[in-house]
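Following: one structure in structure tokens, then a few remarks.
The values are calculated or read from the model by the stated rules, or taken from the named source; none is laboratory data. This is a predicted model, so every value here is computed, not measured. All Cβ positions, glycine included, derive from the backbone under ideal geometry; neighbour counts span all protein chains shown. Ligands, DNA and RNA are excluded from the accessible area calculation, which covers all protein heavy atoms including side chains. Shrake-Rupley method; radii C 1.70, N 1.55, O 1.52, S 1.80 Å.
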Amino acid sequence: DALVEDNVIDGVAPPTTTEAGWGIVLRRNSHGVIRGNHVAGTLGAGIAVQGGDTVGTVVEKNLVEASRGAAGIVVAGSRVAVRNNIVARNAGGGIIVDATAPPRDVWNVHNTLIENAVVGVDVGDWAGAADNVLAYNAILPAAGATAVRPVSPDFQLTGGLNLNGSDF
């Protein structure tokens, strides 16, 4: 299991625009815990996890802010818990689920999302997977951004607070 904990990552800028520029990445069935990090000013996603089919990954208690070209946190697989993070002012959105197949057992709970462009939380790739959870997040989207996408998800959306409009 990987443990990435209590790091400060600031200003990741690769030498060319064809490189990713991510802050923290767990890829291809890697798993573990990403906890207590401050990730800021990346060109790509602040934190990106691909999850796995059998073992879970936890992303918790991180401050992810000011990604210049991507979302703060990107989830691209199954068995991922994203909880108790502060995700603020990222150019590509707050927390994005971007999977090639519908992910399973993804929990997105108790996060605070502040002024992220495009969308606060995007779970459009969940596509009917009933074991995913989106609950108890506080979202203040940037001007012109959407709090949650899709607006009418096909799963249960529980106990969230949209600080720029109606609660969900």
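Cα-Cα pairs above 21 Å in segment 1-94: how many percent? Result: 24 percent of Cα pairs exceed 21 Å. Surface composition of the chain: carbon plus sulfur atoms hold 51% of the accessible area, using a 1.4 angstrom probe and ignoring ligands, DNA and RNA. When only the Cβ of Lys, Arg, Asp and Glu is charged (+1, +1, -1, -1), the dipole of the chain relative to its Cα centre reaches about 80 debye. Ranked from largest to smallest solvent-accessible area, with a 1.4 Å probe on the protein heavy atoms, Leu3, Leu140, Leu134 come out as Leu3, Leu140, Leu134. Exposure here means at most 13 other Cβ atoms within 10 Å; with trypsin sites (Lys or Arg not before Pro) in a DSSP loop as sites, the longest stretch of the chain lacking them is 29-168.
Residues Glu115, Glu5, Glu60, sorted by accessible area with the largest first, give Glu115, Glu5, Glu60 [1.4 Å probe; ligands and nucleic acids excluded].
Entry for the chain at q = 0.16, 0.19 Å⁻¹: log10 I(q)/I(0) = -0.83, -1.19, Debye formula applied to identical alpha-carbon scatterers, no solvent contribution. First check a/c for segment 20-72, with a ≥ b ≥ c the square roots of the eigenvalues of its C-alpha gyration tensor; if it is under 1.5, answer rounded, and if not, answer prolate when a/b is larger than b/c or oblate otherwise. It is oblate, given that a/c is not under 1.5 and a/b is not larger than b/c.
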